[in-house]
Amino acid sequence: MGSFASEEVQVQVRSHLLGKRYLIVLDNLQLDNWGDIRGCFPEHNNGSCILVTTTHFDRYVFNGLKIYIHSMTLLDPNESWDLFCRTLSKGSMSRSPELEKIRGNIIEICDGLPLTIVVVAKRLSKCNDVLKKWEKIKKEIESLGILDRNTLIFHYNKLSQILKVCFLYLGVFPKRKEIQVKNLIGLWIAEGYFEPLEFEKKESQGYPYLQELIERRLVLICNQNSNGKIKTCRMHSAMHSFCVGEAQKEGIFCAVNTLQHSGLPLSDFANSSRWLSLCKHSFDYYVLFSSNKPRSIFFFDEDPKTFVPFKLLRVLAFVPSPFLQRVSMHLGDLIFLRYLFISKRFEGLGNILSKTPNLQTLIVSSDEPQIGAPTIHLPSTIWKLPQLRHLELGDMYTMDPPCTVKAKLQTLSWVSPTHCGMEVFPNLRKLKIFYKDDLEFNRTHGSSSNPIILENFGYLKQLQRLKISVSVSCAVVYTERFMCPLQLQKLSLSGMNLSKRDLTVIGMLPELKVLKLENAFLERVWEVVEGGFRELRFLLVKDKNLLQFLADEKSFKHLERLVL
């Protein structure tokens with residue numbers, strides 16, 4: 001590339017190509033060099049084309065050019081095995097019964113990466129004892145990954161310091177783990193990786209860092225939401241091994257195999273690094289010891305029978321509730337905690353919250369269905385947490401609304417009382433409300449079921465995403481007509497019994513991109529008012545009672561996906 005930088009060479013190449021129809025292939029282009037060679041290629045509309053392969057695409061580098069992007073994807077299991085067999089047949093060994101026995105294992109470990117599949121096939125084709133050789137190869141892949149390590153180090157060193165930290169942080173998740181993007185960015189924020197901006201801007205600040213890691217092929221997209229944003233991601237297993245190795249070299253990460261070290265006190269490990277990950281894994285990572293105490297602990301074991309020191313912790317993520325019950329006497333050490341993610345319903349949550357004055361994010365999540373389960377009433381002292389910005393309790397907890405304005409709160413997910421004025425949450429951006437008839441609570445307190453008074457959400461001037469779910473046993477009462485803030489982008493309604501007037505109001509929202517309606521219609525025919533839902537991209541309708549859906553050509557002008 002150095003010779004192309006000279007103006008004389010650029011002129012020679014350009015004059016040779018001028019007036020001709022050409023196809024130029026630039027393989028493994030480093031984008032820093034594009035500016036040096038761009039002048040070599042004349043721009044004229046005669047069908048000429050430049051084909052570029054690169055590990056990091058940046059559309060701003062190619063600004064002004066007509067471009068088509070093809071992102072390479074991993075091979076599926078059938079494609080992986082087909083490539084393996086084709087590579088194998090070129091060697092001295094054909095498919096054997098031993099290979100069929102480990103077929104699934106080979107596909108899983110190679111994880112769809114063509115280079116790894118080819119290398120494994122070539123190495124197995126040159127041995128006599130396939131099973132013994134495979135065990136050796138498998139351990140090598142698990143520990144190092146079969147990739148050109150020098151190339152990985154080169155691309156890693158090209159990252160900015162903040163991108164390096166964000167990349168290494170992905171190593172705390174188990175290999176092949178699908179990661180929720182919103183949780184990942186929330187963890188980055190709790191760790192303090194971003195510049196001290198206004199908090200409401202930090203979430204949007206974290207997303208571009210993830211996008212750049214994806215563009216550099218260091219992180220893979222798993223799922224996208226209905227609005228096109230990345231919902232879940234993961235790291236390729238070979239990349240994960242490299243990531244973990246680099247983090248351990250820096251002395252900031254320790255992964256403990258709880259199956260192999262179940263009898264050891266975790267204090268031996270906890271003093272070894274800044275991040276401590278507890279997981280069940282077939283390969284035991286190396287452990288580096290130093291004088292630092294952990295700032296973050298991640299639980300990927302259902303209930304590790306160990307004790308972890310809590311002093312200096314900022315992050316306690318994916319922690320199982322049985323563990324918290326067992327170590328409840330030590331919870332007073334959580335004074336520095338910013339981020340708490342509990343993986344299951346936990347009865348003693350109120351006790352924890354009284355001892356976490358610096359908590360910014362609280363998430364209680366459960367994969368278990370909560371239908372029919374009584375909600376747990378939390379004390380209203382939760383609203384006294386001065387730094388609380390994200391509160392996600394789902395349909396497991398209820399509490400009395402705050403008496404004062406909570407201006408810092410950005411995210412709220414909870415079981416609402418029968419009425420709560422939304423004006424106390426002026427800066428909410430994401431809101432999920434579950435209205436449910438708590439039979440157990442009513443029976444205990446000798447009260448009967450009350451009708452649900454639907455809020456006026458027009459007070460929430462910053463709200464972008466709203467989800468309302470009403471239990472089938474609840475009656476809904478509107479204090480006034482259904483109102484939503486004008487800047488709302490995503491709306492999900494379930495069990496609402498919306499009238500034609502309510503649907504007309506929703507259809508006029510100027511920024512609405514995603515709408516999901518489930519058992520939400522009062523009438524059996526939905527006739528969309530002319531010109532409604534002009535900016536909507538995604539519409540989901542799920543309702544057994546709805547018989548007819550009518551819309552004219554002036555409505556849904558930008559609709560891309562319709563799910564009925």
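The values are calculated or read from the model by the stated rules, or taken from the named source; none is laboratory data. Just so we're clear, the structure is a prediction, and the values are computed from it rather than from any experiment. All Cβ positions, glycine included, derive from the backbone under ideal geometry; neighbour counts span all protein chains shown.
A few remarks follow.
- Per the conditions (1) within 17 Å of Arg217 (Cβ to Cβ); (2) surrounded by fewer than 12 Cβ atoms within 10 Å (Cβ to Cβ); (3) modelled with pLDDT of 85 or more, the sole criterion not satisfied by Val52 is (2).
- The condition (being in contact with a helix residue (DSSP H, G or I) (Cβ under 7 Å, 6 or more places away or on another chain) and either surrounded by 16 or more Cβ atoms within 10 Å (Cβ to Cβ) or aliphatic (A, V, I, L, M) (or both)) is satisfied by just one residue among Val529, Val525, Val541: Val529.
- Residues of the stretch 496-518 satisfying the condition of being in a loop (DSSP other than H, G, I, E, B) and buried (at least 18 other Cβ atoms within 10 Å of the Cβ): Met496, Leu509, Leu512, Lys513
Residue-by-condition table, conditions (1) on the phi > 0 side of the Ramachandran plot; (2) modelled with pLDDT of 90 or more; (3) of a type in the set (Lys, Arg):
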residue: Leu147; (1), (2), (3): no, no, no
residue: Phe167; (1), (2), (3): no, yes, no
residue: Lys175; (1), (2), (3): no, no, yes
residue: Gly192; (1), (2), (3): yes, no, no
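- Test: Thr361 is of a type in the set (Ser, Thr, Tyr) and at pLDDT below 90: no
- Checklist (1) farther than 18 Å from Ser226 by Cβ; (2) at pLDDT 85 or above; (3) not hydroxyl-bearing (Ser, Thr, Tyr); (4) not assigned by TED's automatic domain parsing to the domain that holds Gly394 applied to Leu515, failing item: (1)
- Condition broken by Ser71, with the remaining ones in (1) outside any helix (DSSP H, G or I); (2) of a type outside the set (A, V, I, L, M); (3) touching a Lys or Arg at 6+ places or on another chain (Cβ under 8 Å) satisfied: (3)
- Lone qualifier among Thr381, Thr398 - being exposed (fewer than 14 other Cβ atoms within 10 Å of the Cβ) and modelled with pLDDT of 70 or more: Thr381
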